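Here the structure is laid out as structure tokens; the discussion comes afterwards.
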Amino acid sequence: MANERTYPCLPCRELDEAIDFYNALGFTRTYRQLRPNPYAVVVRDELQIHLFGMPEFDPEQSYGSVIVVVSDPDALYHSFAEGLRKVYGKLLVAGIPRILRPRKKYGAVYGFSVVDVGGNWLRISKAGDQPSSEVADEAGTKTSGLAKILEVAARLGDAHGDEAAALKTLESGLSRYPDAPIVDRARAILFRAELAVRLGARSLAQSSLSLALSLKMDDDVKASLANELAQTIELVSVFTEPHAEPDSEKEKT
């Protein structure tokens, strides 16, 4: 049958808090009730999410996950990010809620993720992208060993939320492939800086960003990394401001 629809229904601890978060992302509340059970609907263009309240719900234990396929993940990311900055004063990249910047997620799939206040994942990817075990770049060359390591780290950090394992994987890859193409080294180092921010490791975030900025790159490489570099600079600069949270206990000791 034509015009069929499926709408995800996601749990949250406090309904209005969840509505406010989705408002920041550009969604509009179209329905809300408190009895007989807390329930709401938020809509943004063709995206519609249903929310239900559970006062005793623990967002850390959420398994909620939604696949969202869009034509332009970058445009949606920038719109989401702008809304979060206006409401929260900065991008939220650690804890719950958070937004993770666009990158190649696995194989040929490109996109980003958002974790809402209920701990539910919105996994946004580009329409038409398909997983692939062997991926070639625009010149037809297979990806380097470090690029493959970066994909594994991205899956651990972005898809599974295990930043510590992602960082360990990246460190291993950077040591194992010291002669990797400069663009892959830069991407790996920038991701290391981002993971350091998520883990509360201020010194590592600063040193990784400084190292990335010191790499000798030609204009083409700089252009290809412009968005990633700008986003990482923003994350690290906000994180290292005087009012930001201190380094993790591990770093302080």
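None of the figures in this text is laboratory data; all of them are computed from the coordinates on show. These numbers were taken from a predicted model, which means no experiment stands behind them. Positions of Cβ are generated from backbone atoms using ideal geometry, with glycine treated the same way; all protein chains shown enter the neighbour counts.
Here are a few things to note about the model shown:
- Restricting the trypsin sites (Lys or Arg not before Pro) of region 1-83 to loop positions (DSSP other than H, G, I, E, B) with no more than 16 neighbouring Cβ atoms within 10 Å leaves Arg5.
- Helix screen, the chain: DSSP H segments with Cα axial length of 15 Å or more and mean Kyte-Doolittle hydropathy at least 0.5 are 182-199, 202-214, 226-239.
- Cα centroid of region 47-97 to Cα centroid of region 12-26, whole Å: 9
- Considering only Ser144, Ala186, Gly83, the residue lying farthest towards the positive end of the dipole of the chain is Ser144, judged by Cα position with unit charges set on Cβ.
- Within-14-Å neighbourhood charge of Arg32 [Cβ basis; K, R +1; D, E -1]: -2
- Exposure rule at most 15 other beta-carbon atoms within 10 Å, DSSP loop GluC sites (Glu not before Pro): the chain longest free segment: 139-253
- Residue of Asp74, Asp58, Asp219 that the Gaussian network model of the chain assigns the largest fluctuation, springs spanning Cα pairs under 10 Å: Asp219
- Highest-MSF residue in the chain out of Ala193, Ala24, Ala223 [GNM, Cα springs under 10 Å]: Ala223
- Pairs of Cα atoms farther than 17 Å apart, region 9-57, %: 24
- Relative to the Cα centre, the charge distribution of the chain, modelled as +1 at Lys and Arg Cβ and -1 at Asp and Glu Cβ, gives a dipole magnitude of about 120 debye.
- Helical runs (DSSP H, four residues minimum) scored at -39500 (n - 2.57) apiece and divided by the length of the chain put the mean residue ellipticity at 222 nm at -13000 deg cm²/dmol.
- When the trypsin sites (Lys or Arg not before Pro) in region 154-188 are filtered for DSSP coil states and for at most 10 other beta-carbon atoms within 10 Å of their beta-carbon, no site remains.
- Dividing the convex hull volume of the alpha-carbon atoms in the chain by its residue count gives 153 Å³ per residue.
- Residue order, fewest to most beta carbons within 10 Å, for His50, His160: His160, His50
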